[in-house]
Structure formats: C-alpha cells, structure tokens
Amino acid sequence: MMHRVICMKKKHCYAILCIFWMLVIFWFSAQVADDSQEMSDFFVRLLDALFSLDIMKNEIIQDMTSFLVRKAAHMSEYAILAILLGLTIREYKKEPWLLLALTATAAYAATDEFHQLFVPGRSGQLKDVLIDTAGGALGLGLLALILYLQRRRKMKEYEKLS
C-alpha cells in the first residue's frame, strides 16, 4: 500500500513540474522582442568573456552566435519539457508514452509559436516548432537511454542475486 501512495505522489509531482515548466516557457515567449534579444545578448557576452572568443568584435559572428544561443535555448527548454511530459505520461499510461510525449511537446511548441504572434516584435515560425520538437526528441532519446540503462543495471543485479 505504501508503494502505491508513493507512486501516486510521483505522478502528481511530474504533472506539477510539467505545468510549471510550461508556464516558464510561456513567460519566456511573452517577452517582447527587445527583452528577448537582450537576454540572448547577455549569454553571448557571457560566452565571450568566459572563453575569450572575441565574438563581440565581429558583428556577423555576434549575430550568428546570438541566433545559435536562441535556438539552443529553444531546444533545451523543449528537451526538458519533453522529459517531464515523458515521465508524467509514463506514470499514467505505459505505452506508447514516447510517442505521446513527443506529440504533446510538438503541440505545445505550436501553441507557443501561435502565442508569439500576439507579442510585440515576435513572430510565430514553423521552423521554431520544428526546432522545439527536435529538442523534445533529443530529450526523450536521452530519457529513453537512461531508463534503458537503469533497467539493464537492475537486471544484472537481479541475475547476480539468482
């Protein structure tokens, strides 16, 4: 019985974390273009300072790095979302949790881009939906690999006991 109570709590925790992370993504997307660009530029300057890359000396390299930072942020935030969705769906429904999590990630990415149509200076882009979904797929691939390795380790431990 205690195991069942713990599992119920874990289900709810994953779901709450999903909702929280969706709100974080929504907040990032609600940033007007200038604020969003300023956030990206901060990370470009940070990279430049940490690794002495001289990014800020060349405007083309600065713009390219800023673009890459923004897209890496998109992929990362959606990788996290997909992992949280994967864990949540896996707790509630065993199969096909990977496909359902990826579909939910893509759907949220699409609604997020639609939301950006109403934010000053921002635009909704199909390519961003694809980038976000690719980030989600990478996150789910990582999650699936971790779960596989955990199962494999448990099987080996079980075999040692037998």
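When each of Leu85, Leu46, Leu98 is tested for being of a type outside the set (D, E, K, R), open to solvent by 30 Å² or more (accessible area, probe 1.4 Å) and within 18 Å of Ile146 (Cβ to Cβ), the lone residue that passes is Leu98. When region 88-112 is filtered for residues that are acidic (Asp, Glu) and in contact (Cβ under 8 Å) with a residue 24 or more places away in the chain, the ones remaining, listed by number, are Glu91, Asp112.
The residues of region 43-70 that are of a type in the set (D, E, K, R) and farther than 22 Å from Leu23 by Cβ, listed by number, are Arg45, Asp48, Asp54, Lys57, Glu59, Asp63. Annotation: of all residues in region 27-40 being open to solvent by 40 Å² or more (accessible area, probe 1.4 Å) and assigned to a helix (DSSP H, G or I), the one that is nearest to Asp63 (Cα to Cα) is Gln37. Considering only residues in region 71-122 that are charged (D, E, K, R) and touching a Leu at 6+ places or on another chain (Cβ under 9 Å), the one that is modelled with the lowest pLDDT turns out to be Lys93.
The residues of region 114-154 that are assigned to a helix (DSSP H, G or I), touching a residue at least 40 places away in the same chain (Cβ under 8 Å) and not hydrophobic (A, V, I, L, M, F, W, C), listed by number, are His115, Gln116, Asp128, Asp132, Thr133, Gly135, Gly136, Gly139.
Can you work out which of the residues in region 49-82 that are small (Gly, Ala, Ser) and surrounded by 12 or more Cβ atoms within 10 Å (Cβ to Cβ) is nearest to Tyr108 (Cα to Cα)? Looking at the filtered set, the residue picked out is Ala82.
The values are calculated or read from the model by the stated rules, or taken from the named source; none is laboratory data. What you are looking at is a predicted structure, and each value in this text was computed from that prediction instead of being measured. All Cβ positions, glycine included, derive from the backbone under ideal geometry; neighbour counts span all protein chains shown. To get the accessible areas, we keep the full protein, side chains included, count just its heavy atoms, and leave off ligands, DNA and RNA. Shrake-Rupley method; radii C 1.70, N 1.55, O 1.52, S 1.80 Å.
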